[in-house]
């Protein structure tokens, strides 16, 4: 295929960029990069009631987070602008008037508007209903003059009589639409607003789009758009309708299943490389059926002939597995960088993960060296970046730790626990160096001196500083936390156990 390939992603700024839109953008981007073509970003911002400027910025941010760059768009310009659909209204109306002049459209004075004409790029019709009956094409000039006096007219496209309509789709092959399902349809409303099918045809033509890759919920719009291309004497782009995304129960994807925004995936600790890899496999697969693919490999291998017709299944378990694979494949320093970035971009999410009451402000002040030391302990253990904050919450607070009931029952039930804690505290308090080796040596020498297993000290000490029954290597944990916090937490656990013992003794009298 030549380097003249031009594709576009055309979202409406009515909300954050969700996984369905992100996959559509990714497929277009991969197709363009694979063929050495151009990826165009067009913002279809004509839904005045729901559009928000901040959502346009959120779309930019979501695309950039997963590493998609665009060659032309509202913020970068290009030879085929403007790239905001709202700025193309005059062009849309001019083409509508051209269709009137050609006799391919007519004024419509019907009081109601067909339900199938209220599509936008986010909410296209799911099926192609028959258009509502309209007799305006047969009005005499006198009738039209009288009707205009009562109010402005809409413009309705005149569907020529003839054969069934056929769409040659690069993914779904030949799709036939019975002629009775596509009647004359509104292209401009009575308030002079071009509707989706007309606007998208004009914009795709003016921007020299060669391939339209979009969700198959748009398939029902395609015969109408082909009719418009034919009426205007323009060459239609090639169409490729990618399969819908369903949940594991093969039902429409809900937010609980993964129909959430990229911004939320970032806040949940997913890494963009894994998200891109996962989205690429929602309806497409390479011929060798590999599952973990780099960006360069995706560009090299992707083409629409590998896209399936059947629905894609969104498997959150697989996404988690893939995310873990990407975290493990990179050095601990990369995980530290992601933790630092997450603390900056989503401090509330990070704060909530560690149970912080200050919205994450305290952890946001931690230095990178400390973060990397923590990251090194969890690098091979976590599924998402946010898991580091959740599993290692004790690293991100200066306060004492409330142990879990499981940890207390498992490691602090012995009558000797309080004595072990006191002995260990005395030894640790006397250390000049508090690195991993020094802490381990001190505890093991203490155990040998007392004639007990080192675990008799290690497990209660783990509960004291982490509050948990299991954790990464406790000596590394102590070294990272530092002497002051460790001693304070040992004191707190000792106090808790002493109070519990007294209460138990009192209750037994």
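Since every read-out is calculated from the coordinates, none of them should be taken as a lab result. The structure displayed is predicted, hence computed values, not measured ones. Every residue, glycine as well, gets a Cβ built from its backbone with ideal geometry; the counts of neighbours run over all protein chains shown.
In angstroms, what radius of gyration and Dmax does the chain have, counting Cα atoms only?
31.7, 112
Relative contact order for the chain: what percent, with Cα pairs under 8 Å and sequence separation of 6 or more?
Working: 780 pairs, mean separation 60.8, N = 509.
Relative CO of the chain lands at 12 percent.
How big is segment 86-242 by the Kirkwood estimate over distinct Cα pairs, in Å? Each step should come with its number before you reach the end.
Numbers: mean 1/r = 0.0622 Å⁻¹.
In segment 86-242 this quantity evaluates to 16.1 Å.
Return the Rg/Rh value of segment 396-461, two decimal places, where both radii are evaluated on C-alpha atoms and Rh is the Kirkwood radius. Walk me through the numbers on the way to the answer.
Values: Rg = 12.6 Å, Rh = 12.9 Å.
Dividing the radius of gyration by the Kirkwood radius yields 0.98.
Hey, what did segment 331-396 get for relative contact order, percent, Cα under 8 Å, at least 6 apart? Walk me through the intermediate numbers first.
Details: 69 pairs, mean separation 27.2, N = 66.
Reported relative contact order: 41 percent.
For the residues 372, 445, 54, what sequence is obtained by ranking on other C-beta atoms within 10 Å, fewest first?
Details: 372 19, 445 12, 54 9.
So the residues, fewest neighbours to most, are 54, 445, 372.
Using only the alpha-carbon atoms of segment 157-299 as identical scatterers, what base-10 log of I(q)/I(0) does the Debye formula give at q = 0.14, 0.18 Å⁻¹?
For segment 157-299, the Cα-only Debye profile gives -0.88, -1.14.
For a distance above 15 Å, tell me the whole-number percent of Cα pairs in segment 331-396 that qualify. Present the calculation step by step, with values, prior to reporting the outcome.
Details: 853 of 2145 pairs.
Across segment 331-396, Cα pairs with separations above 15 Å total 40 percent.
For the chain, what is the mean residue ellipticity at 222 nm derived from helices alone (per DSSP H run of n ≥ 4: -39500 (n - 2.57); sum divided by total residues; nearest 500 deg cm²/dmol)? Don't skip to the answer; put the middle values down first.
On the way: 21 runs with 232 residues, N = 509.
Helices in the chain give a 222 nm mean residue ellipticity of -14000 deg cm²/dmol.
Taking the beta-carbon count within 10 Å as an exposure proxy, list 68, 102 from fewest neighbours to most.
On the way: 68 20, 102 12.
Listed from fewest to most nearby Cβ atoms, that is 102, 68.
Calculate, for residue 264 and residue 455, the FRET efficiency according to 1/(1 + (r/R0)^6) with r their C-beta to C-beta distance and R0 41 Å; round to the nearest 0.05.
Numbers: r = 42 Å, r/R0 = 1.02.
Once rounded, the FRET efficiency stands at 0.45.
Quick check on the exposure proxy: order 100, 227, 262 from fewest to most C-beta atoms within 10 angstrom.
Values: 100 16, 227 21, 262 26.
Starting with the residue having the fewest Cβ neighbours, the order is 100, 227, 262.
Please list, by residue number, everything in segment 393-433 whose backbone N is under 12 Å from a paramagnetic label point 7 Å out along Cα→Cβ of residue 483.
Within reach of a label on residue 483, which here means backbone N under 12 Å from a point 7 Å along Cα→Cβ, segment 393-433 contributes 426-433.
Just the projected area, averaged over all directions, of the convex hull on the alpha carbon atoms of segment 374-498: how many nm²? Don't jump to the answer; show the numbers that get you there.
Details: hull surface 29.3 nm².
Directional mean of the projected Cα hull area for segment 374-498 stands at 7.3 nm².
Starting from the Cα of residue 86, step 7 Å toward the Cβ, then list every residue of segment 201-215 with an amide N under 19 Å from that point.
Residues 203 qualify, since their backbone N sits under 19 Å from the label point.
When only C-alpha pairs under 8 Å and at least 6 residues apart count, what is the relative contact order of segment 174-256, in percent? Working shown, then result.
Details: 63 pairs, mean separation 21.6, N = 83.
Once normalised by length, the contact order is 26 percent.
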